[in-house]
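As structure tokens, the structure follows; a few thoughts come after it.
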Amino acid sequence: MNRRMLVRGALVVPLALVLILTLAWALQRKLIYFPDRAAPPQAAGASSITLRTSDGLRLSAWLIKPPPGTPDRRRAILVAPGNAGNRYGREPLGAALAGLGLTVLLLDYRGYGGNPGSPSEKGLGRDALAAHAYLTSQVGLPILYYGESLGAAVVTALAVQHPPAGLVLRSPFTSLAAAGREHYPFLPVGWLLRDRFPVLSLIARVNAPTAVIYGTADTVVPAAQSAAVAVRAAGLVAEVPIHGADHNDRVFSDGPQLLAAVAAVADSPP
């Protein structure tokens, strides 16, 4: 009887492991993307625009121009958000950036903010390309890229394809696998992931003026990963660690350190 129980136990453990890995593979995107799918109410001062992706989606986004009386820096900034919420939660950031004299495009990815489709690495890349195409054809100003957390990976990949006038990375990880291992150390994250989102391996190929800003108490993306991205950045003009700040603190919406870093990039020669 004991031998039979040992044999059964020896079979149950690997079967359970296979089941766990299969579920992790099948459900992984639910552990990566947390969209607010509802169409947000219109924000004051924002104009609704439509982006057209290469795979036929029509995405809603907001364009925010500098308010009257604000000195115009004659720059546009493409804001690629993180993996949660929708553009309504980034309205304070959009307003603050417009207050710097920038024309702001607040992007919502596919599956976010009333947009059709489901998010993936390839899909988010297409969405960023659609935003870039809109700014190029309809606004016609030099373009800065601003990427928040996962959005930092999106704009870094975009910067390799279409070099910007400047790049701001807020709380970037070195790669999604590296960030995932911090939260799921019991899973072979690097082997399981379909969406990779590299940053560290790409950032040295981006020569545009670059700022990296992050919180030293970040519980989502370790500060050490953001610092490693700053070390590797070819065009670094500012590394701004904010002491005691966590991943979603208000300082990353309209705080003075963040706005100073964006202004430094906007005013740097290309």
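Worth pointing out:
- Residue in region 120-137 that is open to solvent by 10 Å² or more (accessible area, probe 1.4 Å) and closer than 13 Å to P35 by Cα present: yes
- Hey, A24 modelled with pLDDT under 95 and in contact with a helix residue (DSSP H, G or I) (Cβ under 6 Å, 6 or more places away or on another chain) or not: yes
- Any chance A211 is in a helix (DSSP H, G or I) and open to solvent by less than 10 Å² (accessible area, probe 1.4 Å): no
- Applying the set (1) of a type in the set (A, V, I, L, M, F, W, C); (2) closer than 21 Å to L93 by Cα; (3) not in a helix (DSSP H, G or I) to F252 leaves exactly one unmet item: (3).
- Residue list for region 29-48, restricted to those being open to solvent by 60 Å² or more (accessible area, probe 1.4 Å) and part of a strand (DSSP E or B): F34, S47, S48
- Residues located in region 223-246, provided they are surrounded by 18 or more Cβ atoms within 10 Å (Cβ to Cβ) and in a loop (DSSP other than H, G, I, E, B): A233, G235, A245
- Scoring L192 on the criteria (1) open to solvent by 60 Å² or more (accessible area, probe 1.4 Å); (2) in contact (Cβ under 8 Å) with a residue 60 or more places away in the chain leaves a single failure, condition (1).
- When the test is whether a residue is at pLDDT 95 or above and within 16 Å of the chain's Cα centre (by Cα), Y112 passes it.
- The set of residues in region 109-165 being touching a His at 6+ places or on another chain (Cβ under 9 Å) and of a type in the set (S, T, N, Q) consists of T136, S149, Q161.
- Counted residues, region 49-97 - those being small (G, A, S), part of a loop (DSSP other than H, G, I, E, B), in contact with a Gly (Cβ under 9 Å, 6 or more places away or on another chain) and surrounded by fewer than 19 Cβ atoms within 10 Å (Cβ to Cβ): 0
- Test: G151 is farther than 25 Å from A223 by Cα and in contact (Cβ under 8 Å) with a residue 60 or more places away in the chain: no
- First in region 223-244 and over 21 Å from G255 (Cα atoms), second anywhere and open to solvent by less than 10 Å² (accessible area, probe 1.4 Å) and assigned to a strand (DSSP E or B), Cβ under 7 Å, 6 or more apart: V229/L169; V229/V212; A233/T210; A233/V212; G235/T210
- Residue within region 99-114 that is of a type in the set (S, T, Y) and assigned to a helix (DSSP H, G or I) present: no
The values are calculated or read from the model by the stated rules, or taken from the named source; none is laboratory data. Everything quoted here is computed from the prediction, not taken from an experiment. Every residue, glycine as well, gets a Cβ built from its backbone with ideal geometry; the counts of neighbours run over all protein chains shown. Note: areas computed on protein heavy atoms with side chains; ligands, DNA, RNA excluded. Shrake-Rupley method; radii C 1.70, N 1.55, O 1.52, S 1.80 Å.
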